[in-house]
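**Student:** I have a structure I would like to understand better, so I am pasting it below and will then ask my questions one at a time.
Every number here is computed from the coordinates shown, using simple stated rules; none is lab data. It should be emphasised that the depicted structure is a prediction, and the values quoted were computed from it without experimental measurement. Cβ placement follows ideal geometry from the backbone for every residue including glycine, while neighbour counts extend to all protein chains displayed.
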Amino acid sequence: MLIITFLILILNLIVLPQSIKENVDKAIENCFGKTIRIEYDKLKIEDKLKIHIEKEVGQKFYSDEVYLYRIFNENNLIGYGLLDNVIGKSLPITFLVLYDNSGTILCSEIIKYREPYGGAVQSKDWNEQFKGKNHNSDFKVGKDINGISGATISVYSVTKGIKKLTLLLNNIFDK
Amino acid sequence: MKIFNLFLISLLLISNIIAQDFDFNEPKVSIGGYGELHYNSDKIGNQPTKSSLDFHRFVLFLGYNWNEKWSLKSEIELEHNFVRNGQGELELEQAYINYHHADWFGFNVGVILPSIGLLNEFHEPPLFFGTERPVYHNLIISTTWFGNGASIYSFFNGFDIKLTLFETLNSDKFSYSQGIRPGRMKGYFPDASRFLYSARLDYLNISGLKFGGSVSFNNAKGDSTNTDVIISEIHAKYDANNIVAVFEFGNINYNSGILRKSQGFYFDIGYNFSGFFDWDAKIQPFVRYSDINTASKTSSGGLNEKLYHFKEIMVGISIKPIEQIVFKLDFSERTRESDKRKSKFINLGAGYMF
């Protein structure tokens, strides 16, 4: 019985997509350092707010929930993270945006990319462009965000996705 | 022991819950596509001007993802509105199963696009300057080049690598005026005793820049000819800070037959002026210079090596009210090297992608 349980556990760890959680933890540590405590929860987006943000950005939310991370140093809240998905050409792109506690972007990272084309959207340089942006920023490809040849659809999707999350976080602050 | 067992079972349940929590992908159909309407006015030498209105391409993309790793991508294209008596074309341009293990390894098999040149895999109208695709992509690296085959790909530290095993070319169809273009089999019962082998490497980790190249080899065969073909090309595209600059150079060597070498290059420089005015729409004037010779070396030499050599200068503008829609206007003058004959082209276009 023990052996069977153990084997199932191992198989389970190999087969199921746990890398997303590990990648998120790693990305948060890279951004905030290792001496942090992370809490996360699903955040349900109210219908009215969801429609408002979708209209402003011109992109639908992947679902009516996103993951909200709270990052603590000892007991002080030092930042937030939002994990969400956008559709690339046909598959979801899972991405994380990390903010300081005033809603300014500190880091953004593609957590999982699933398409055969456009993988360059994961590049650190490209993601670095979002650093310092907040809900007042443009988030316009070709203006304050550079494009990537061969990753056009992913670039536009992720840029709009990051704008959506930034507006969402700002709205949470307002409340 | 029981406690340990219970602990493992709990761990199993928790890991399942976490995994389900983060499993965002679900089986789904996706639809996309692109299309382009062209007005072309051509004046070749002293001949009278000919103009036409042509909905050149209507393409539908249909995809399905079974799970995170396995998906189907397909594209069906109708050219020139309808098909009748050899006019117009209905093409299955892509239809492949894709396995994406991780960024560093994936493969696809089916009807694919060989990864040669900047445009073959990324040919939607908003992605290139000029109403028609660059003449380089008509006569040197012909797009859309599709056919049956398989490829493996890897993206690692900014390096994008693709190795492709692709259907052969038909060497009987190679011509002075169009190089390998007529030799493409388009997936229609290609000879499976030989293949085209292609390797492409790009580097993408410099913001706004993509550069790389590819080498392909094919022992091409037709009913009466058999020719080793080596296609080498380099390409670069910079798109940042309101500047778009493109450069491609291609060379095709043939080891036998009348045609021994095709060669060409072009470069584009464009600038997005809307950056000055804080407009959302993009307004991008551009210039292009092309130098094309589909028969730069022939077995007979002489006039043939000049007859198909031309230089072309184009000026134009792309206006994108939104990124997926483009309106284009361009003027070009082509000068044939052999007799300095000049041809003039005016093109207008409207294109979209979604």
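**Student:** State the Cα centre-to-centre distance between region A:35-88 and region B:107-148 in whole Å.
**Tutor:** Taking the Cα centre of region B:107-148 as reference, the centre of region A:35-88 is 39 Å away.
**Student:** Pull up the cross-link candidates among the aspartates and glutamates for A:LYS164, meaning alpha carbon to alpha carbon under 12 Å and not fewer than 8 places away within one chain.
**Tutor:** A:GLU54, A:GLU56, A:ASP84, A:ASP138
**Student:** Straight-line reach from B:LYS297: which lysines have a Cα under 21 Å away, not including same-chain ones fewer than 8 places off?
**Tutor:** B:LYS173, B:LYS221, B:LYS261, B:LYS306, B:LYS311, B:LYS340
**Student:** Follow-up question, since we're still on this one. Of the listed peptides B:290-299, A:115-124, B:223-232, what is their order by residue-averaged count of other C-beta atoms within 10 Å, with the highest listed first? Spell out each step's value before the answer.
**Tutor:** Values: B:290-299: 20.1, A:115-124: 21.8, B:223-232: 15.8.
Averaged packing, sorted descending, gives the order A:115-124, B:290-299, B:223-232.
**Student:** Please determine, in degrees from 0 to 90 and to the nearest 10, the orientation of helix B:2-21 with respect to the longest principal axis defined by the Cα atoms of chain B, where the helix direction is its Cα long axis.
**Tutor:** 30
**Student:** Could you pull out the pairs from A:LYS131/B:LYS69; B:LYS43/B:LYS210; A:LYS50/A:LYS131 whose alpha carbons sit more than 27 Å apart here?
**Tutor:** Check vs 27 Å cut-off fails for A:LYS131/B:LYS69; B:LYS43/B:LYS210.
**Student:** Starting from the Cα gyration tensor of region B:26-353, take the square roots of the eigenvalues, sort them a ≥ b ≥ c, and report rounded, prolate or oblate (rounded when a/c is under 1.5, otherwise prolate if a/b is larger than b/c, else oblate).
**Tutor:** The shape class here is rounded.
**Student:** Across peptide B:238-247, what mean number of C-beta atoms from other chains lies inside 10 Å of a residue's C-beta?
**Tutor:** Whole-number average of other-chain Cβ neighbours for B:238-247 is 3.
**Student:** Taking Cα atoms, how many degrees apart are the long axis of helix A:19-32 and the longest axis of chain A, rounded to 10 and kept between 0 and 90?
**Tutor:** Taking the Cα atoms of chain A, the angle to A:19-32 is about 60 degrees.
**Student:** Under a Cβ-only charge scheme (Lys and Arg +1, Asp and Glu -1), can you give me the dipole magnitude of region B:286-354 about the Cα centre, in debye to the nearest 20?
**Tutor:** Dipole about the Cα centre, nearest 20: 180 debye.
**Student:** Along its principal axes, what span do the Cα atoms of chain A show, with the longest given first and each in whole Å?
**Tutor:** Cα spread of chain A along its principal axes, largest to smallest: 59, 42, 33 Å.
**Student:** Suppose every K and R has +1 on its Cβ and every D and E has -1 on its Cβ; what is the size of the dipole of chain B about the Cα centre, in Debye to the nearest 20?
**Tutor:** Dipole about the Cα centre, nearest 20: 980 debye.
**Student:** What does the average come to when, for each residue of peptide B:304-314, you count the partner chain Cβ atoms lying within 10 Å of its Cβ?
**Tutor:** Per residue, the number of nearby Cβ atoms from other chains is 0 on average.
**Student:** So what's Rg/Rh here for the protein assembly as shown, counting alpha carbon atoms and using the Kirkwood radius for Rh?
**Tutor:** Expressed as Rg/Rh, it is 1.03.
**Student:** What is the mean number of Cβ atoms from other protein chains located within 10 Å of the Cβ atom of each residue in peptide A:139-151, rounded to a whole number?
**Tutor:** 6
**Student:** Also, I was wondering about something else. Can you find, among A:THR94, A:THR35, A:LEU49, the residue farthest towards the positive end of the dipole of region A:19-174? Put +1 on the C-beta of Lys and Arg, -1 on that of Asp and Glu.
**Tutor:** A:THR94
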